[in-house]
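What follows is a short report on a single structure.
The values are calculated or read from the model by the stated rules, or taken from the named source; none is laboratory data. If you're wondering where the values come from, they're calculated on a predicted model, not measured in any experiment. For neighbour counting, all protein chains shown are included, and Cβ atoms are generated from backbone atoms with ideal geometry for every residue, glycine included.
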Amino acid sequence: MLTFDRLLTRTSHVMSWVALVFLAFMMFAITIDVVARALSGRAVPGLFEMSEMSMAMVVFMGLGVTLLDDGHIRVTLVTDRLPKVIGRQCTAVGWVFAGLTFALLAWPATKEAVYSVSILEFRWGALQVPVWWAKVMVAVGLWFAVLQAFVHAALVARDRLPEQRRVNANAAH
């Protein structure tokens with residue numbers, strides 16, 4: 001299980017770099033668009049549409065690394081007061097529910113991505129911008145979050161969470 005978790009961790013880091021590239025693109029694109037509007041009174045064609053897709057990429061490619069940093073919103077008022085073993089089991093159950101919630105989002109996202117690829121969907125705007133690839137990446141990010149949440153639940157339940165994540169979890173309190 002720990003070997004698989006290390007693979008998920010590496011994949012999370014790769015996906016976070018993808019998110020970072022899209023975030024950098026958004027920052028530069030929006031800056032260029034603001035300057036163009038100030039100088040010419042017109043927006044740069046296609047930048048708005050690409051910024052929309054970049055936002056989705058930042059969110060869904062960044063899900064995995066958020067788990068590694070223990071950055072998801074959680075309330076530990078009850079589990080902190082329970083005996084350690086019971087609190088850990090309750091936390092694991094919470095991660096199972098998180099995985100199920102991600103799955104409830106991933107399933108329709110996957111169906112939409114399959115349809116989008118089948119028609120090579122694009123978005124009308126100032127330019128025709130293909131969106132099928134972004135829908136595929138949203139589904140991939142969600143399924144990765146499902147897998148990661150279930151593995152995290154298993155590691156928490158067995159008290160096998162890697163040391164660095166334990167430090168992050170304790171620092172969050």
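Below, the figures for the structure above:
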item	result
Positions within the range 101-119 being under 23 Å from ALA153 (Cα atoms) and polar (S, T, N, Q), in sequence order	THR101
Test: residue in the range 94-113 that is exposed (fewer than 14 other Cβ atoms within 10 Å of the Cβ), over 21 Å from ASP5 (Cα atoms), of a type in the set (S, T, N, Q) and at pLDDT 90 or above	no
Condition check for VAL44: closer than 30 Å to LEU147 by Cβ and surrounded by 12 or more Cβ atoms within 10 Å (Cβ to Cβ)	no
The one condition in (1) out of contact with any Asp or Glu (no Cβ under 9 Å at 6 or more places or on another chain); (2) buried (at least 18 other Cβ atoms within 10 Å of the Cβ) that VAL21 fails to fulfil	(2)
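Rundown of residues vs (1) more than 19 Å from SER51 (Cβ to Cβ); (2) surrounded by fewer than 17 Cβ atoms within 10 Å (Cβ to Cβ); (3) among the charged types (D, E, K, R), yes/no style:
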{"position": "MET1", "(1), (2), (3)": "yes, yes, no"}
{"position": "PHE4", "(1), (2), (3)": "yes, yes, no"}
{"position": "LEU7", "(1), (2), (3)": "yes, yes, no"}
{"position": "ALA29", "(1), (2), (3)": "no, no, no"}
{"position": "ILE32", "(1), (2), (3)": "no, yes, no"}
